[in-house]
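Before any comments, here is the structure.
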Amino acid sequence: MMHRRHLLQGSGAFGLLALAGCANIGSGPPSKARVLVVGGGYGGATAAKYVRLFSDQKIDVTLVEPNDAFVSCPVSNLVLGGSKTIADITTPYTALAKNHGVRVIKDTVASIDPVKKVAVLASGPTIAYDKLILSPGIDLMWDSIAGSRAANSEGRVLQAWKAGPETVALRRQLEAMPDGGVYAITIPEAPYRCPPGPYERACQVASYFKAAKPRSKVLILDANQDVTSKGPLFKKVWAEQYKGIVEYRGQHKATAVDAKTGTIKFEIQDDVKADVLNVLPTMRAGQIAVQTGLANANARWCNVNYLNFESTAAKHIHVLGDSIQIAPGMPKSGHMANSHAKVVAEAIVAEFAGWEVNPAPMLTNTCYSFTDARNVIHVASVHEYVAAEKTFKTVAGSGGVSAGPTEQEGAYAWNWARTIWADTLI
Ligand SMILES: Cc1cc2nc3c(=O)[nH]c(=O)nc-3n(C[C@H](O)[C@H](O)[C@H](O)COP(=O)(O)OP(=O)(O)OC[C@H]3O[C@@H](n4cnc5c(N)ncnc54)[C@H](O)[C@@H]3O)c2cc1C
């Protein structure tokens, strides 16, 4: 943290220093450094704000994001449980412009040319950059499950793994399902976005069923051997609080869906029929990262230099959030994306200013899971950069998991959500 203090203290002199890194120095009035941020989610919005803050508002920051407002995936499962609405988890982008001078463009980046250092917007214009920060989240690989792409585009089989209209539509499907029906969620092999998320979702749907349609069932069909996060805690909740409602089946790798008959097929196990099918296909880095050739880890995730999150495939493009190839023990989480963003912002500002890039960045993570409308469990960790191995590692003895769900942690979880939304967007 010493370095950040040093960086902020030095920010008054930043104007001159920042210009030293700019391409146009010497040709007339020096232009400002230009940072283009692609994606206004947990990673991108935080990075946009913090480049402005750390540079004393000297660096020009443009953020391109197609959505009108930020809809949080964290706590979106509560919309399915019925205790929150989509409005409760939505924050406008206006404060990023008003409070921090970020230029927010509502559009999609259609392509990036890493050699010319320009991005082309779907609506046509191009934007030149000195540094590009890419945080496009995940791409859902529908072709990993036969029939799922068409079933999803017809609105019959939903993912709701990008919070928004599908979250609302899935809640409607649950409301329309008769008592005695079955909701099934399929989970892909790890790594995927938010390890505990599917299990939290199972709790939320079960909590709704318990209150409103108690003869109904929640089937968790997991491609992994066993529950991938907070396993003993979730299993205890299912056995005690949702006995007879939740059933967990590991080693169920979905291969095909038939929306008309409500059937899911698996690599090995027997077919399953359900009334509401919530299919989560295999995941990879956001489409724009893949098409730009940055997904150089198993053709799925983007390898980065963990000191500054610069892509190992293209200079001046920094990838963060869910799209990256994770370091050991690093979850694909909103908290982690927010933490990556600050390391990236600091490194970029330091590079433009000609300062030493922090040689020992740290990251933190906490993931809360609501087991019903009020009770929560968490998992937390701290990660340090290990220079000798050029990767992040979990700090021994840091973090941990809850003993069991409590309302006190429920209060912490809401405060976490409000605080991270403010830190990211306000
Ligand atoms: C149900 C659920 C529960 C979760 N719970 C938690 C939790 O409790 N705690 C936690 O820390 N994390 C949680 N997560 C995980 C968290 O949501 C993700 O890890 C986080 O959103 C990753 O941030 P990101 O910036 O990589 O992606 P995102 O937040 O998804 O942001 C990506 C953004 O990029 C935009 N974009 C994509 N392509 C383009 C393009 N070509 N041009 C312009 N914009 C583009 C998208 O519109 C999107 O807004 C949860 C996830 C889910 C689904």
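Any idea what the alpha-carbon Rg over 2.2 N^0.38 Å comes to for segment 289-426?
Compared with the compact-globule rule of thumb, segment 289-426 sits at 1.15.
Excluding ligands and nucleic acids, what accessible area in Å² is computed for residue 255 using a 1.4 Å probe, to the nearest 10?
Counting only protein heavy atoms, the figure is 50 Å².
What's the center-to-center distance, using Cα atoms, between segment 290-355 and segment 128-166 in Å?
20 Å
Give me the dipole magnitude in Debye, nearest 20, for segment 320-426 about the Cα centre, with unit charges on the beta carbon: positive for Lys and Arg, negative for Asp and Glu.
Charge dipole, segment 320-426, about its Cα centre: 120 debye, nearest 20.
What fraction of the DSSP beta bridges in the chain is antiparallel, stated in percent and rounded to the nearest 5?
Of those bridges, close to 55 percent are antiparallel.
Taking each pair of different alpha-carbon atoms in the chain once, compute 1/r for the pair, average those values, and report the inverse of that mean as the Kirkwood hydrodynamic radius in Å to one decimal.
That comes to 22.3 Å for the chain.
Could you pull the Cα extents of segment 187-238 along its three principal axes, largest to smallest, in whole Å?
34, 19, 17
Can you give me the distance in nm between label points at residue 271 and residue 291, each placed 7 Å from the Cα along the Cα-to-Cβ direction?
It works out to 3.6 nm between the two label points.
Limiting things to C-alpha atoms, what are the Rg and the maximum Cα-Cα separation (Dmax) for segment 88-208, in angstroms?
So, for segment 88-208, Rg and Dmax equal 18.9, 59 Å respectively.
Where in the chain are the helices, taken as whole DSSP H runs, whose Cα atoms extend 15 angstrom or more along the long axis and whose Kyte-Doolittle mean reaches at least 0.0?
What comes out of the filter, once short or polar helices are dropped, is 42-54, 334-353.
Measure off, as a whole percent, the carbon and sulfur share of the 1.4 Å-probe accessible area of the chain, all protein chains present.
Using a 1.4 Å probe with all protein chains present, the chain comes out at 54 percent carbon and sulfur.
Based on the Cβ-Cβ distance from residue 386 to residue 103, what FRET efficiency comes out when R0 is 45 Å, to the nearest 0.05?
0.75
Per residue of the chain, what 222 nm ellipticity follows from adding -39500 (n - 2.57) for every DSSP H run with n ≥ 4, rounded to the nearest 500?
Helix contribution divided over all residues of the chain: -9000 deg cm²/dmol.
Sticking with the crude label model, points 7 Å out along Cα→Cβ, report the distance from residue 398 to residue 423 in nm, one decimal please.
For residue 398 paired with residue 423, the spin-label model returns 1.3 nm.
Whose amide H sits under 5 Å from the amide H of residue 282, counting only residues 5 or more places off or on another chain, with H placed in the peptide plane?
Here 141, 144 satisfy the definition.
Peptides 45-55, 124-134, 416-426: what's the order by average Cβ count within 10 Å, highest mean first?
Averaged packing, sorted descending, gives the order 45-55, 124-134, 416-426.
Where only protein heavy atoms count, and the probe is 1.4 Å, what is the accessible area per residue for the chain in Å²?
About 41 Å² of surface per residue is accessible.
Extending each Cα 7 Å along its Cβ direction at residue 190 and residue 360, get the distance between those two points in nm, one decimal.
Placing both labels 7 Å along Cα→Cβ, they lie 2.9 nm apart.
The values are calculated or read from the model by the stated rules, or taken from the named source; none is laboratory data. Just so you know, these numbers come straight off a predicted model, no measurement behind them. Cβ atoms come from the backbone with ideal geometry, glycine included; neighbour counts cover every protein chain shown. Note: areas computed on protein heavy atoms with side chains; ligands, DNA, RNA excluded. Shrake-Rupley method; radii C 1.70, N 1.55, O 1.52, S 1.80 Å.
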